[in-house]
Amino acid sequence: MKAIVVTDQAAGTAGMTLTERPEPPAAINDVIVRIHASGFVPTEMEWPSTWTDRAGRDRTPSIPGHELAGVVTALGYGTTGLSVGQRVFGLADWHRDGTLAEYVAIEARNLAPLPGDVDFTAGASLPISGLTAWQGLFQHGHLQSGQTVLAHGAAGAVGTMVTQLAREAGAYVIGTGRAADREKALDFGAHEFIDLGSDALEDVGGVDLVFDVIGGDVQRSSAALIRSGGTLVSVVGPVEARPADGLAIDFVVEADRTQLGEIVRRVRDGRLRTNIGTIASLDDAVATFNSTERRKGKTVIHIRS
């Protein structure tokens, strides 16, 4: 099968190669999925799991990419809950070969059914962005109706999901980003927008939940805004700044079939819009990942039509 592999951590996306790899076998509780579309997060090149297995051993050449939409072609021993020919989408294990390939072996529990009226491109754009937003807001942030959310990077792939889900839950959403992001952030449902380049973040006032995708000085300034009992949720590693009287949580997104079902149901209902920026073929993927243009939304790779 065709697949993109990486072998050199220092080279990052510049070290990606499109090559031929053996099709993966299905282990116990696995399925094999013929991939139609794959999502990609550029920071994967910095994740230890891209380069080593759970025991810390080198696992290169490894196949990156963890989001997928496709069709089940085979079931491993003991696999239940899915069937051959079923359309699925989901999130591949961090420490196994990923989804920038024509086929992937993946635990069945990491997948959810993809309804026939949601195309593969949309399906592949949802797992990391959608689950990150869902888990940060509801699992870790315990968001309630009437609360105020400060959503950093509100025009990005995660930020637009955070904005939409928080607003649907009855929250007041203040989005942040660059000046050029204002219109997009408001279009995706932010009630207000703060330009991090020129506006004073301190002028926001008190908030109940900060969803941080930036870290550093922005995180430190944001922590000071959190009301008593509020939460700072971060996806950029260990939290450096904590609220005076609240919680600080950093987390790594996890696959969850039920949550994927909730997310895709909202897409079908028109309550949740995808934020897809660039779509490219597998043959053009390496060049796409190494483009110097600023990313505007999720990058999705078409593996097959």
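The values are calculated or read from the model by the stated rules, or taken from the named source; none is laboratory data. No experiment lies behind these values; they were computed from the predicted model shown. Reconstructed Cβ throughout: ideal geometry from the backbone, glycine too, with neighbour counts over all protein chains shown. All accessible areas refer to the heavy atoms of the entire protein, side chains included, with ligands and DNA or RNA removed. Shrake-Rupley method; radii C 1.70, N 1.55, O 1.52, S 1.80 Å.
Using the Cα centre of the stretch 146-305 as the reference point, and only Cβ charges (+1 on K/R, -1 on D/E), how large is the resulting charge dipole? Debye, rounded to the nearest 20.
Values: 18 positive and 22 negative charges, 125 e Å.
It works out to roughly 600 debye.
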Exercise for review: Evaluate the distance, in nm, between pseudo-label points positioned 7 Å from the Cα of residue 53 and of residue 138 along their respective Cα→Cβ axes.
Suggested key: 3.6
Check your understanding: Hey, which lysines would be in cross-link range of residue 184, C-alpha to C-alpha under 23 Å, not counting anything within fewer than 8 residues on its own chain?
Key -> 296, 298
Check your understanding: How much FRET efficiency would the formula 1/(1 + (r/R0)^6) give for residue 27 and residue 283, where r is the Cβ-Cβ distance and R0 is 41 Å, rounded to 0.05?
Key -> 0.90
Practice item. State log₁₀ I(q)/I(0) for the stretch 17-78 at q = 0.14, 0.26, 0.29 Å⁻¹ as given by the Debye formula over alpha-carbon point scatterers of equal weight, solvent excluded. Key: -0.52, -1.25, -1.22
Review point. Gaussian network model of the chain, Cα springs within a sub-10 Å range: biggest mean-square fluctuation belongs to which of 101, 223, 179?
Key: 179
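Carbon and sulfur together cover what percent of the accessible area of the stretch 13-74 at a 1.4 Å probe radius?
Values: 1420 of 2620 Å².
Carbon and sulfur atoms account for 54 percent of the accessible area of the stretch 13-74.
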Check your understanding: To the nearest Å, what is the center-to-center distance of the stretch 78-97 and the stretch 155-187, using C-alpha atoms only?
Key -> 31
Check your understanding: How long is the gain from residue 224 to residue 291 if the chain were fully straight, where each residue apart is worth 0.36 nm and the alpha carbon distance is subtracted?
Key -> 20.5 nm
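Taking Rh as the Kirkwood radius, which is the inverse of the mean 1/r over Cα pairs, what is the Rg/Rh value for the stretch 178-305? Don't skip to the end; give the middle numbers.
On the way: Rg = 17.7 Å, Rh = 17.5 Å.
Ratio of gyration radius to Kirkwood radius for the stretch 178-305: 1.01.
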Revision key, fill the gap. For 35-48, 234-247, 149-162, 107-120, ranked highest to lowest by mean beta-carbon neighbours within 10 Å, the order is 149-162, 35-48, 107-120, 234-247
Study note, to complete from the structure: Of the residues 258, 116, 193, the Cα lying farthest along the dipole of the chain towards its positive end, which is defined by charges on the beta carbon of Lys, Arg, Asp and Glu, belongs to 116
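Within 15 Å, Cβ to Cβ, of residue 94, how many net charges do the neighbouring residues add up to if Lys/Arg are +1 and Asp/Glu are -1?
Values: positive: 54, 57, 59, 96, 109; negative: 44, 46, 53, 67, 93, 97, 107, 254, 256.
For residues surrounding residue 94, the net value is -4.
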Study note, to complete from the structure: Which of 221, 62, 129 fluctuates most in a GNM of the chain (C-alpha springs under 10 Å)? That residue is 221
Exercise for review: Return, for the Cα atoms of the stretch 1-134, the radius of gyration and Dmax in Å, separated by a comma.
Suggested key: 14.2, 42
Review point. If you count the DSSP beta bridges with both ends in the chain, what percent of them are antiparallel, to the nearest 5?
Key: 55
**Study point:** Under the Debye formula (equal points on every Cα, no solvent term), log10 I(q)/I(0) of the chain at q = 0.08, 0.09, 0.12 Å⁻¹
**Key:** -0.35, -0.44, -0.78
Revision key, fill the gap. Ordering 298, 2 by the accessible surface of their heavy atoms, 1.4 Å probe, largest first, yields 2, 298
**Study point:** Unit charges on C-beta of K, R, D, E only; dipole of the chain, Debye
**Key:** 600
Point to revise | Simple spin-label estimate for residue 217 and residue 183 in nanometres, 7 Å along Cα-Cβ | key: 2.8
Point to revise | Label-point separation in nm, residue 200 to residue 1, each point 7 Å along Cα→Cβ | key: 5.5
Review point. Using helices alone, what [θ] at 222 nm do you get for the chain, with -39,500 (n - 2.57) per DSSP H run of 4 or more residues, divided over all residues and rounded to the nearest 500?
Key: -5000 deg cm²/dmol
